[in-house]
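Heads up: the structure comes next, in structure tokens.
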Amino acid sequence: MFGIDGKFYEIVSAIADLVILNLLFVLCSLPIFTIGASTTALFGVTKKMADNREGYIVRTYFKLFKENFKQSTAMWLILLMLSIIPTLDLYIVNSLKEGIVVTALKGLFLGFALAILFVFLYAMALQSTFENTIKITLKNALLMGIGHFPWTLLILCITLLPVILIIFLGKDAVSIIYIMLFAGFALLAYLNSYILNFIFKKYIKLALKKSTFFI
């Protein structure tokens, strides 16, 4: 159990890998405009970890970060600009008097914001897996998110769990922030990677038959 091939060593090793990976993600995301590339590299590593083929964490992370920098950054900036629309709309609607119409508008804009979030998550995971143009990757991300909606909801729930906990815990939410900075982002990506690997299986088989992958 406690040997180098035991379960305990495997768990400790996985935790250490997640801590290192989380540190790389946080540091590489600090310039803000690099969040797309850092997220792609994060998913690239955690998807391999979930599939028991992670290899060298640091080397793989920076390799994926460098290879996908241009496209991931472009997609991140596009989605960031799109996210401004529902954010401003929600801000405006919140200043209006409560009513059925206002509540409906809040739900609509919140749904739009969540759609952008799941497109971002799928797009960065796709970018780390398939070679495609920005247009096709974003299109595939949207269609896959809709086509696998129950799994998409689970991915969103996992991703937004820290936000939900912070809202409910209020002043006691400092520990959640520490956990996120310590290993939280990598852990969430790792959990989501099991779902993404499951979803991507049939598309990987399809991609092997074509030079480009599209739905």
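The values are calculated or read from the model by the stated rules, or taken from the named source; none is laboratory data. The model shown is predicted, which means the values in this text are computed figures rather than measured ones. As a convention, Cβ positions derive from the backbone with ideal geometry for all residues, glycine included, and neighbour counts pool all protein chains shown. In case anyone asks, the SASA skips ligands and DNA or RNA and just uses the protein heavy atoms, side chains included. Shrake-Rupley method; radii C 1.70, N 1.55, O 1.52, S 1.80 Å.
Structure above, values below:
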read-out	value
Counted residues, segment 68-85 - those being modelled with pLDDT under 95 and either surrounded by 20 or more Cβ atoms within 10 Å (Cβ to Cβ) or of a type in the set (Asp, Glu) (or both)	0
When residues of segment 46-67 are limited to those that are within 16 Å of Leu187 (Cβ to Cβ) and in contact (Cβ under 8 Å) with a residue 60 or more places away in the chain, the one surrounded by the fewest Cβ atoms within 10 Å (Cβ to Cβ)	Ala50
Which numbered condition Thr129 misses (of (1) in a helix (DSSP H, G or I); (2) among the hydroxyl-bearing types (Ser, Thr, Tyr); (3) crowded, with 16+ Cβ neighbours inside 10 Å)	(1)
Residues being more than 16 Å from Gly184 (Cβ to Cβ) and open to solvent by 70 Å² or more (accessible area, probe 1.4 Å) - total across segment 151-165	3
Residue identified as within 22 Å of Ile155 (Cβ to Cβ), charged (D, E, K, R) and part of a helix (DSSP H, G or I) among Lys70, Lys48	Lys48
Failed item in (1) closer than 18 Å to Asn192 by Cα; (2) surrounded by fewer than 16 Cβ atoms within 10 Å (Cβ to Cβ), with Val12 passing the rest	(1)
So Lys135, is it surrounded by 14 or more Cβ atoms within 10 Å (Cβ to Cβ) and basic (Lys, Arg)	no
Any hit, segment 56-63, residues being at pLDDT 95 or above and outside any helix (DSSP H, G or I)	no
Residue among Tyr178, Tyr122 that alone is hydroxyl-bearing (Ser, Thr, Tyr), crowded, with 17+ Cβ neighbours inside 10 Å, assigned to a helix (DSSP H, G or I) and touching a helix residue (DSSP H, G or I) at 6+ places or on another chain (Cβ under 9 Å)	Tyr122
